[in-house]
Amino acid sequence: MNRKYSQTFCLHTGAALLLLLTLMFSATARAEDQNGGWAGDWLTNYQSARAMGLGGSFTGLADEPLGMVWNPAGMTQLSRNEVFLETSRYFEGTSINTISFAVPGSKYPTLGLSILNLRSDEFQRTNEVNHDMGTFREGETAYVLSASHHVHPRVAIGGNLRVVHQSIDEFSATGMGLDLGLMASAADNVRVGLSAANLGGPNLELRETRESYPNQLRGGVAVDLMQGRAMVTAEVEKIGDLRTNVRGGGEFQLTDAITLRAGFDGSSPAGGFTVNLPQDLRLDYGTGDHDLGMIHRFSLSWRFGGFYANSSSSQQVISPLGTRPATQFSLDARTRDAVDSWRLEIHDQGENLVRQFGGRGAPPAHLMWDGKTAAGMPLPDGSYRYRLVVQDLGGLEIVGRSQTIGIDTRSRDIQVPVQVSGTK
């Protein structure tokens, strides 16, 4: 299938799904007109640490386990199993804590589960004559079970089953709803996401009043820049007949370990950062403004197993004038679909690309490097980083962990023979 046909297919599929979601949204929004309330505001407006740093613009990205809340189809971008934990403190002792887990699929769908819990501080309870009757708490828990799969190398669809439980004092209620989502690669560096949430519920009835979560219709785009080191994103959100939000943000990879981001959520700025830690751990922080004060959110994720792109060197240091004039790289990769292309990148300390190997199909098991550029010019002494990047036919790009190798022309590894004199 050629690129022109592939892009046309993506656009037509996206337009068709957008029309379908719009019709579904219009049909279900009338229930909100009759309700007049806004149930589930905490979940409707929830943003993870990374999403908050981008101003809440995450529908065209959604590439973390908790991303299923914005767009369940986004989980197809995950290349490794991932556990995701997050906590956020609000005002007057209120907190939201989440845990998510996702397993990327190949022949089978990508599966995920997220649990979000809202817990309030104690409220004072009084009777009809304002006598003190003690205290009570409010709590809400949302269970989101998600599945997504590629229907085309550049198009993925997904769905969520939401189960929400609410309790206030001795009263409680449970409701269910559905989410649908689409993620399409309009170009190699452009992703488009569409989602519709809270279809058919959840509907909760604690006592005599029935409350329905408002329907959400979202459309977003994410564009990679500077060979993947930067990204900008934007989205539009419609919440029932209540309001429309426009959001945008961007991030820049300062180093392999640190990424900075900033965004704009309708009327207020936001920001945050990511720190990549050893053992495939990642720390995210996001902050944003609220009518009652600033919100600070932290998340910690751990990636393991799944798909990978590994590279290693037989030498820690190359000595062009010594006995170690070259090194052998060992390459290994596991991808969701068949491998489309690969490249081994070598960067200097200034993040400049000084040498690149690559080709179509799967990477070779081994290749040699003599410490020179593609033009045959020797590189100066110093420390260099290398990593393997593999892309499969489905468009999933797997970036391996960066490793370090050194070049030292001063180390010649000269061995002086030792002569032992015997006695006559």
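Here, each number is a calculation from the coordinates, and none is a lab measurement. Only a predicted model underlies this, so the values are computations on that prediction, with no experimental measurement involved. Cβ sites come from the backbone with ideal geometry, for glycine too, and all protein chains shown count toward neighbours.
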Output for segment 37-122: GluC sites (Glu not before Pro) sitting in coil per DSSP, at most 10 other Cβ within 10 Å, listed by number, reads GLU92
Of 378-384, 235-241, ordering from highest average Cβ density within 10 Å down gives 235-241, 378-384
Restricting to Cα pairs under 8 Å and 6 or more apart, the percent relative contact order of segment 227-275 works out to 28
The ³J(HN,Hα) series, computed from each phi in segment 163-175 with the Karplus coefficients 6.51, -1.76 and 1.60 at θ = phi - 60°, rounded to the nearest Hz and given as x for glycine or proline, is 10, 10, 10, 10, 9, 10, 6, 8, 9, 8, 7, 9, x
Checking segment 42-113 for trypsin sites (Lys or Arg not before Pro) in a loop per DSSP with at most 15 other beta-carbon atoms within 10 Å yields LYS107
Residue by residue through segment 397-404, the couplings from Karplus 6.51 cos²θ - 1.76 cosθ + 1.60 with θ = phi - 60°, in Hz, x for Gly and Pro, are 9, 10, 9, x, 6, 6, 10, 10
Relative contact order in percent for segment 238-369 (Cα pairs under 8 Å, 6+ apart) equals 13
Whole-Hz Karplus couplings 3J(HN,Hα) for segment 185-196, θ = phi - 60° and coefficients 6.51, -1.76, 1.60, Gly and Pro as x, run 9, 6, 7, 4, 10, 10, 10, 10, x, 9, 8, 10
Those chymotrypsin sites (Phe, Trp or Tyr not before Pro) from segment 77-112 that are DSSP loop and have at most 14 other Cβ neighbours within 10 Å turn out to be PHE91
